[in-house]
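Read the figures in this text as sums done on the coordinates, not as results from a lab. In this text, all values refer to a predicted model and were calculated from it rather than measured experimentally. We place every Cβ from the backbone using ideal geometry, glycine too, and count neighbours over all the protein chains shown.
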Amino acid sequence: MPDITTRADIEQLIIRFYDKVKLDDTIGYIFNDIAKTNWEHHIPVIVDFWEGMLLDTTSYRRNAMDVHYQLHNKEPFRKEFFDRWLQLFRETLDELYEGEKATLAWKRAKGIADLMAFKMLGDGSLRG
Ligand code: HEM
């Protein structure tokens, strides 16, 4: 399998990931019903974010943590949300890519998800 090397690779990953997220019984409703996500707008923003993480670009200049705090205030995030989000991300990554950047993508996803969970749910969130 190839590694992630271009923005188009990230786009493919992100589109496939959110195709799963949208339909997911655990976290789909956060996007569909709570945030009412406009996917045409959202996908390029998320691709910017991951391009920054993986290919060192600087187009993403927003505060992703704040966006999630605002959502958390509307609909409290639970441990299961993070588990499921990570599971779907991992699954999608494994379907498409392998290599240094793919590994980095997983490390970043896990690190940010753990940090977010820690900030929102406190200590117990890192167990398991
Ligand atoms: C419990 C797990 C998570 C849930 C339920 C969740 C849900 C959401 C939702 C509903 C949005 C807003 C979409 C919109 O604008 O309509 C969003 C935005 C976003 N999420 Fe998450 N998210 C989770 C974890 C993560 C993690 C771990 C990352 C990064 C590794 C991440 C990265 C982003 C980014 C970059 C945005 C765009 C923020 C912006 O508008 O600038 N999310 N997320």
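Decide, for the range 29-85, between rounded, prolate and oblate: order the square roots of the alpha carbon gyration tensor eigenvalues as a ≥ b ≥ c, take rounded if a/c falls under 1.5, and otherwise choose prolate if a/b is larger than b/c, else oblate. Present the calculation step by step, with values, prior to reporting the outcome.
Details: a/c = 2.02, a/b = 1.67, b/c = 1.21.
Prolate, since a/c reaches 1.5 and a/b exceeds b/c.
So for MET53, MET65, fewest C-beta neighbours within 10 Å to most, what's the order? Walk me through the numbers on the way to the answer.
On the way: MET53 18, MET65 13.
Result, fewest neighbours first: MET65, MET53.
Please report the spacing between the Cα centers of the range 69-113 and the range 1-68 in Å, no decimals.
Result: 10 Å between the Cα centres.
Enter the angle in degrees (range 0 to 90, nearest 10) between the Cα long axis of helix 39-55 and the first principal axis of the Cα atoms of the chain, meaning the one along which they spread out most.
Helix 39-55 sits at roughly 60 degrees to that axis.
What's the angle, to the nearest 10 degrees (0 to 90), between helix 64-74's Cα axis and the longest principal axis of the chain?
Approximately 30 degrees, to the nearest 10.
Shape verdict for the range 65-128, please, from the Cα gyration tensor: rounded (a/c under 1.5), prolate (a/b greater than b/c) or oblate.
Values: a/c = 2.16, a/b = 1.99, b/c = 1.09.
Cα axes put the range 65-128 in the prolate bin.
What angle do you read, to the nearest 10 degrees and between 0 and 90, between the alpha-carbon axis of helix 100-121 and the longest principal axis of the chain?
10 degrees
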